[in-house]
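To start, the structure itself, in structure tokens.
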Amino acid sequence: MLVRLKTPEAVARAAAAAIVESAFKAIHEHGEFRLVLAGGHTPGATYELLATELREEIDWRRVIFYFGDERCVGPDDPASNYRMAKEALFDPLKLQGGSVRRMAGELAPDAAAADYDAEIRAVIADRQPAFDLTLLGMGGEGHTASLFPGSAALEETTRTIAHVTVPADPPDRLTMTPVALAASRQILFLVTGKEKAKALAKVFGGGDDLPAARVAQLGPSRFLVDAAAASKLPE
């Protein structure tokens, strides 16, 4: 499903509203809301809205946060997805304890992947769908999470988390594989910027080889896109 919006700000607001709605439903149904966070630049504005204007709309004591991918850096590194979420969301909400289940990017990558894989396996074994909502972005070449075109992790059928080396900085990453991403009630893609337009047009034009397209086919998915990202799509 594709939802066209005019600006990145409109995408952020629509995403925040979708998170509030999903949280309400999940907490009502099973007492907690399991949310997989996206990294990168795009979701930051959504996290800030949740921590300010919409902070009273969710019972944050009942939210458990996971991460779709992480750079192999320390939690205080400027490149860390955890650090971005911490500054935009966790710190303003004064979240403490075990509600934030981060990937340990500071550890040896294979060990960190194995640790998070064990945790995600336990979550999947506990309940299906394991996650109530998974947030993802998309890169200009069609990558999502840290699943880049041609990545062997796209073919993974057993591990939920993989250590991958990607053509971006920093190259060492931890990422959810399709095994984990398929365990979500809904996947919500946030896509903004004209540099994403070509890849987005390919996703919706039959480019099933792109990681974002392949992940979107794993289950119910929705793309929130701004006018720039949608500029190469047919009207």
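The values are calculated or read from the model by the stated rules, or taken from the named source; none is laboratory data. Quick caveat, the model's predicted, so the values are computed rather than measured. When we count neighbours, we look across all protein chains shown, and the Cβ atoms used for this are built from the backbone with ideal geometry, even at glycine. Side chains are part of the model used for accessible areas, which takes the heavy atoms of the whole protein and leaves out ligands, DNA and RNA. Shrake-Rupley method; radii C 1.70, N 1.55, O 1.52, S 1.80 Å.
Considering only ILE19, ALA162, ALA118, whose Cα is most displaced toward the positive end of the charge dipole of the chain, charges sitting on Cβ of Lys, Arg (+1) and Asp, Glu (-1)? Result: ILE19. Solvent-accessible surface of segment 6-54, taken per residue with a 1.4 Å probe and all protein chains present: 46 Å². With a simple spin-label model that places each label point 7 Å from the Cα along the Cα-to-Cβ direction, the separation between GLN96 and ALA17 comes to 3.5 nm. Bridges between two residues of the chain, per DSSP, are antiparallel at a rate of about 30%. Per-residue packing, averaged as other Cβ atoms within 10 Å, sorts the ranges 199-205, 138-144, 74-80 into the order 138-144, 199-205, 74-80, beginning with the highest.
Simple point charges give the picture: +1 on the Cβ of Lys and Arg, -1 on the Cβ of Asp and Glu, and for segment 105-235 a dipole about the Cα centre of about 520 debye.
Run the helix sum for the chain: -39,500 (n - 2.57) per DSSP H stretch of 4+ residues, divided by residue count, reported at 222 nm to the nearest 500 deg cm²/dmol. Intermediate results must be reported in sequence, preceding the final value.
Values: 7 runs with 71 residues, N = 235.
Helix-only estimate at 222 nm: -9000 deg cm²/dmol.
Among the protein heavy atoms of segment 122-235, carbon and sulfur supply 53% of the accessible surface, probe 1.4 Å, non-protein parts ignored. Per residue, the accessible area of segment 63-133 comes to 44 Å², computed with a 1.4 Å probe over protein heavy atoms only.
Fully extending the segment from ASP59 to LYS25, taken as 0.36 nm per residue of separation minus the present Cα-Cα distance, adds 11.1 nm. Shown here: Cα extents along the principal axes in Å, derived from the displayed model; of the candidates [x] 53, 40, 37; [y] 46, 39, 34; [z] 58, 39, 35, it corresponds to [y]. Scanning residues 5 or more positions from PHE223 or on other chains, those with amide H under 5 Å from its amide H are LEU2, VAL3, PHE189, with H placed 1.01 Å from N in the peptide plane.
Cross-link pairs exceeding 29 Å between alpha carbons, from the set LYS25/LYS232; LYS25/LYS86; LYS94/LYS196; LYS6/LYS202: LYS25/LYS232; LYS94/LYS196.
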